[in-house]
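The next block holds one structure in the form of structure tokens; read it before the comments.
The values are calculated or read from the model by the stated rules, or taken from the named source; none is laboratory data. None of the values given here were measured: they were computed from a predicted structure. Ideal geometry is used to build each Cβ from the backbone, glycine not excepted, and the neighbour counts take in all protein chains shown.
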């Protein structure tokens, strides 16, 4: 039985939640950011707010419990350290204490900046090696001759005499030569002399860096970066880049060194003679002589955009673009989540009209003054509140009722206080079934359904929702206790259900029930949100090993769209080779954003969504014929496929063990969860590593994509229809492997003991 709603609210006394619809509640002015802002996680990564998933832990210690897109009016919030796209009800934390709505900020208000830094170095590099690393972030690249290459050739192209002089004056061992254009000087790192630096650059392949440096290391990195991609303006340096995430990390490095670093808003560029569609850019202005103080400057209307409603546990704080923000969360929704639902509606006063599921979970009746502890009272509009109000009743009569609510008076935190209900125009009572002390409007027994106001049908009571997490590697789900087998479930599967002796009666994805032994799961009382269950695609092979037809729609992620006809072609190829379709969709997104990545020009016209390298042989083992495609920056060429259907067929064949069995290149077939699927692409399960970034990094990226897309992937799997079956690929027994953790990278110490001297005059 769920705790009484009044007691649930007591958990949040003194905290700020929005629930009345006017300040971030259902359909209101959502207090959130647009997707081009980067939130700092507990493992020091910078993640777009749109890519955060439920369960992600943030640098503030709070955990994401919800993240969903909404359309809203958006404003430019300008501070002395940057620009933010926010709603007018967004809140920011102040250095003086507490937080404010952005509409209430004045020029005297100073926002909190993230000044946390690593105290211990993870890398043993000399100052000049750090400077080279910073320069490489700006103007460098890596040459990976083979997919398995772990020690790439690190190159830097020096476009000006100033840059050439800077690099050659560093205490490094380099190869110095002229570009094939016979004009531009180029240097490459001698790996055996700088092994630690090479490992760091390999770790940051793609120039993806996280907050993993000390303040001193940042100072050298920023100096080198400014020399590569910046220019001096008086006592400041301005850096321009198409990569906002990289600039955001650099900005943090400036802040921890005590330097002002103001990040511009996005600047779109017009077409030129060289490029029809140039990418937008951002500018970072670094002033070493000024402190990183973030003062409010202005708030101006931007337009209607998609914002991300980010809800967290704890104090609901998070760092976005290195400044401290407050998230939006709804107290009434917090309570409703214990019963497996979420409230929606334009304003609080209309909650009871826009929530049909509410009538299955609660007695909803017109307000009659007959109250029970735990009742949610819905108030209508009054002279000073057109959105209405919500409170949870504790005790007392209606003229002197002790309730828990928020924003009464305006912008108060969650508070327990006594007041007269009548002036707030109470309209409805919502009384959830299955809460302690419920008596269905005075009936003798608990948990009895009541008759809903405005509906002559008596609703059956809801189940008591309890949250369980499977702890076994795998276990069976039975139709009845000790009865017919239904399916297998795996570790980390999550269910709602009821205890029944030594068994748990669980709610299954299709609305039916099943039983698992209580010894195979643990009760999760530490979560605020009850997760309603759908079929977990990792539970079973939903896609037959045969042809398959897809009758669903398009899906999207990260601003990219995967059309339904392409999903259908993927499904057929995956079915033929026993490849798990969700894993295939995630991988093709990771590699080339479904062929739409701006950095993978070969993907679109050449139908090469995986960046496969031309081998010189047009005849593939899949039977597909390919040709030589565009040149690779690392050397060699890409494959060119005649159609996407050919690519899907060939790639599924490649990552399966269809050819070669136990000696096949990869073993990703017959793997029906994201971790097992990814392991099938890397040693020791596979013969080779699919990507040079390594298994740990690839799993982390694949898991992030999968978690962010899971509702859509579940929907896709529900629209797969079986066609004519084809022979199945043989199952492969893979060795038992320890669970991969992805800790903060730590490289072994450099053994050379090389010490550089700082004898040069530099900007920083």
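Observations on the model:
- Any hit, the range 260-278, residues being in contact with a helix residue (DSSP H, G or I) (Cβ under 7 Å, 6 or more places away or on another chain) and part of a helix (DSSP H, G or I): no
- Note on the range 144-169: among residues that are in contact with a strand residue (DSSP E or B) (Cβ under 6 Å, 6 or more places away or on another chain) and over 17 Å from residue 229 (Cα atoms), the one that is surrounded by the fewest Cβ atoms within 10 Å (Cβ to Cβ) is 153.
- Test set (1) over 38 Å from the mean Cα position of the chain (by Cα); (2) free of Cβ contacts under 8 Å to residues at least 24 places away in the same chain - residue 190 fails condition number: (1)
- Filter result for residue 141 (in contact (Cβ under 8 Å) with a residue 24 or more places away in the chain, surrounded by fewer than 19 Cβ atoms within 10 Å (Cβ to Cβ) and either more than 21 Å from residue 251 (Cβ to Cβ) or within 26 Å of the chain's Cα centre (by Cα) (or both)): yes
- Selection status of residue 509, over 30 Å from residue 600 (Cα atoms), surrounded by 15 or more Cβ atoms within 10 Å (Cβ to Cβ) and at pLDDT 70 or above: no
- Residue in the range 199-221 that is modelled with pLDDT under 90, farther than 26 Å from residue 698 by Cα and surrounded by fewer than 17 Cβ atoms within 10 Å (Cβ to Cβ) present: no
- Residues that are at pLDDT 85 or above and either farther than 21 Å from residue 602 by Cα or crowded, with 22+ Cβ neighbours inside 10 Å (or both) do not occur anywhere in the range 627-636.
- Matching residues, the range 192-214, being assigned to a helix (DSSP H, G or I) and closer than 17 Å to residue 135 by Cα: 196, 197, 198, 199, 200, 201, 202, 203
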